[in-house]
Amino acid sequence: METVILVNGVGLRGAEMLLLHCRLQKYGYRIKQFSHAAWGNSLKQNVTSLQKFLAAEKADTIHFVGHSLGGLLIYLLFDNFPQQRPGRIVTLGTPHQGSSFACRLSRKSWGRFILGRSLMTGLFYRILPPPNRDVGIVAGNLDIGTGWLLRLPRPNDSLIAVEETRCTGVAKHIILPVSHTGLLVAPIVAKQCSSFLKTGHFL
């Protein structure tokens, strides 16, 4: 059975990915949640912890699904530890081009505290996807009101603009009618993830 590693963003250290976990499990995958502290640790600290986490996994094929900041963490894993087992990568609402809202927050001391060390690290340099690895990007375009309040570029998922999710060298990009949180709970997202992990293509 192939293993899927879920990597959370800035949230509840992985608890928010439980529904996605259960849905992907029903598609026949063995699911493991990598939990990390986005506030207290830098991206590099968390990527070292992720590599140690992977060392305990015995599967021949390991896929990754990262939500928001978790997608950047996965890319950084391959940048620092390129000798990984075969598998595909799906990012959900990951700000590959940086986050305009987070950049505005970072100008204030209280904003930097809210963002945490990991997101602050990810804001200021671009992490490219690993070469010779199938990568798929899922973006949402459902603004439930916060996107308007935060003055985000349109369309957006209430926290991340669709254009911010695009990544150089990755053509497999789809947009779904869900919010940033909806990327974790909508059944269609799990279905699209499963399709890409199995075939390298979205439905």
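Remarks
- For the stretch 42-55, a residue qualifies if it is more than 22 Å from THR3 (Cα to Cα) and open to solvent by 50 Å² or more (accessible area, probe 1.4 Å), and the qualifying residues are LYS44, GLN45.
- Residue check, GLN97 of a type in the set (S, T, N, Q), modelled with pLDDT of 90 or more and open to solvent by 70 Å² or more (accessible area, probe 1.4 Å): no
- Screening LYS198, LYS172 for residues that are touching a helix residue (DSSP H, G or I) at 6+ places or on another chain (Cβ under 8 Å) and over 20 Å from SER99 (Cβ atoms) leaves exactly one candidate, LYS172.
- So LEU128, is it surrounded by 17 or more Cβ atoms within 10 Å (Cβ to Cβ) and modelled with pLDDT under 95: no
- Elements of type helices (runs of 4 or more DSSP H) in the stretch 146-203, at least 1 residues being open to solvent by 40 Å² or more (accessible area, probe 1.4 Å) and at positive phi: none
- Filtered by the rule that a residue be surrounded by fewer than 17 Cβ atoms within 10 Å (Cβ to Cβ) and more than 17 Å from the chain's Cα centre (by Cα), the stretch 14-41 gives CYS22, GLN25, LYS26, TYR27, GLY28, ARG30, GLY40.
- Residue within the stretch 56-63 that is modelled with pLDDT of 90 or more and either within 16 Å of the chain's Cα centre (by Cα) or crowded, with 24+ Cβ neighbours inside 10 Å (or both) present: yes
The values are calculated or read from the model by the stated rules, or taken from the named source; none is laboratory data. The structure displayed is predicted, hence computed values, not measured ones. Methodologically, a virtual Cβ is constructed for each residue, glycine included, from the backbone with ideal geometry; neighbour enumeration extends over all protein chains shown. The protein model used for the area step is the full one, side chains on, heavy atoms only, and it has no ligands, DNA or RNA in it. Shrake-Rupley method; radii C 1.70, N 1.55, O 1.52, S 1.80 Å.
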